[in-house]
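Take a look at the structure below.
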Amino acid sequence: MSVLILAEIDNGAIKKSSLEAIYYGSEVAKMKGTTATALVIGSASAGDLAAAGNFGAAKVLHANDARLAQGNIMAYADVLVSAIQHESSDVVVLAKSSLGDAVAARVSGKLKASIVSNVTELPDLSGGFKVKRSIYTGKAFAHVEMKGDCKILAIKKNAVLVSEGTATANVEVFSPALNDASFGVKVTGTHKASSSISLPEADLVVSAGRGLKGPENWGIVEDLANALGAATACSKPVSDLDWRPHHEHVGQTGIKVAPNLYIACGISGAIQHLAGVNSSKVIVVINKDPEAPFFKAADYGIVGDVFEVLPKLTKAIQALK
Ligand SMILES: Cc1cc2nc3c(=O)[nH]c(=O)nc-3n(C[C@H](O)[C@H](O)[C@H](O)COP(=O)(O)OP(=O)(O)OC[C@H]3O[C@@H](n4cnc5c(N)ncnc54)[C@H](O)[C@@H]3O)c2cc1C
């Protein structure tokens, strides 16, 4: 009865958020006195699959049917159900993501499994199975008890402090029977965001708002992001105005990020923006208006003009490096 972790891949490698989920799952397995198995769907190198062992997986089930290459949610759910049955798993862990949430909900429906999303800590197994989850876009926590034979946990970024080991996992080919019904929706193509650093996965994010005045001024934002090795993001009006691509829009109606460092440049800090960024570990706000609401959510604030502050900050970081 191993703990099963669904690990997502990107460009043939297990995503960082999924490595965190594997570590989380392996810690739960230790608490339950069992082992952790990672399910990887799609093409990945043998080395990357075995490296799941560094994060605590004893075994990797590798489902590499060519039809699964496009992240088909219905098929993923069927593969995950088969893997749960194959491993007789009573706990399933995955990283919270748009794909993970959709797959988890389907699996919960198929198996009548209890499901909790936005989990922020390891569960408390003393007298039941209790988990802490983030609610109201990060403004509060709920403590919930999970019941039932199978429990599915979608974990938030930074739910556990990962420590990487040197073990390798045994990799097994996993080929569950899939029928046409699993492929009721066909992905005809995917268009990848151009940024080299994936925003939802990024540890460092430099984000800018309407205070930048226009798309022609984004060079100073990109320079700072490049100096730090950060992803770039923006407020909603900025993407609505087509100053930046929509996949960079963060907030209540955009991408939710939880980096170690979020630098907000010329963003007022409206509640809808904060809803997508308030799980960041450290928030730095640069705004010329000392009364800007974002300063209330900031760990560090610089009252100043972005056109003066950003080039100086970039220079200082380049000098440090
Ligand atoms: C239903 C709904 C959903 C929404 N969802 C989102 C969402 O997901 N994400 C989101 O971001 N917004 C969202 N919004 C919009 C949100 O309410 C704000 O309008 C938006 O976040 C403001 O964007 P901004 O801070 O870039 O622009 P502004 O509010 O115009 O703020 C610009 C800031 O830049 C500062 N500034 C100006 N010039 C400079 C300078 N030279 N140097 C330094 N600072 C300067 C100003 O002091 C100001 O604080 C939503 C709104 C609604 C109603």
Among (1) at pLDDT below 90; (2) among the small types (Gly, Ala, Ser); (3) surrounded by 13 or more Cβ atoms within 10 Å (Cβ to Cβ), there is one condition Ser117 misses while meeting the rest; what is its number?
(1)
Filter the stretch 285-294 down to the residues that are crowded, with 18+ Cβ neighbours inside 10 Å and without any contact (Cβ under 8 Å) to a residue 40 or more places away in the chain, then identify the one that is farthest from the ligand (Cβ to nearest atom).
Val285
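Per-residue answers, yes or no, for (1) more than 25 Å from Gly189 (Cβ to Cβ); (2) assigned to a strand (DSSP E or B):
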residue: Lys30; (1), (2): yes, no
residue: Thr37; (1), (2): yes, yes
residue: Ala57; (1), (2): yes, no
residue: Ala77; (1), (2): no, no
residue: Gln85; (1), (2): yes, no
residue: Ala102; (1), (2): no, no
residue: Ser108; (1), (2): yes, no
Of Ala208, Ala233, Ala225, which residue is more than 13 Å from the ligand (Cβ to nearest atom) and surrounded by 21 or more Cβ atoms within 10 Å (Cβ to Cβ)?
Ala225
Spans of strands (runs of 3 or more DSSP E) in the stretch 124-217 with at least 2 residues within 30 Å of Gln272 (Cα to Cα) and within 19 Å of the chain's Cα centre (by Cα):
130-135, 151-155, 204-208
Of all residues in the stretch 268-284 being among the polar types (S, T, N, Q) and assigned to a loop (DSSP other than H, G, I, E, B), which is nearest to the ligand (Cβ to nearest atom)?
Ser268
So which of Ala7, Ala105 is surrounded by fewer than 22 Cβ atoms within 10 Å (Cβ to Cβ), aliphatic (A, V, I, L, M) and within 23 Å of Lys156 (Cα to Cα)?
Ala105
Reported set for the stretch 39-55 where residues are part of a helix (DSSP H, G or I) and either acidic (Asp, Glu) or surrounded by 24 or more Cβ atoms within 10 Å (Cβ to Cβ) (or both) is Asp48, Leu49, Ala52, Phe55
It is to be established whether one or more residues within the stretch 2-12 are over 21 Å from Phe183 (Cβ atoms), without any contact (Cβ under 8 Å) to a residue 60 or more places away in the chain and not in a strand (DSSP E or B).
yes
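The values are calculated or read from the model by the stated rules, or taken from the named source; none is laboratory data. Since the structure is predicted, the reported quantities are computational estimates derived from the model, not experimental observations. No Cβ is skipped: glycine too gets one built from the backbone with ideal geometry, and neighbour counts run over all protein chains shown.
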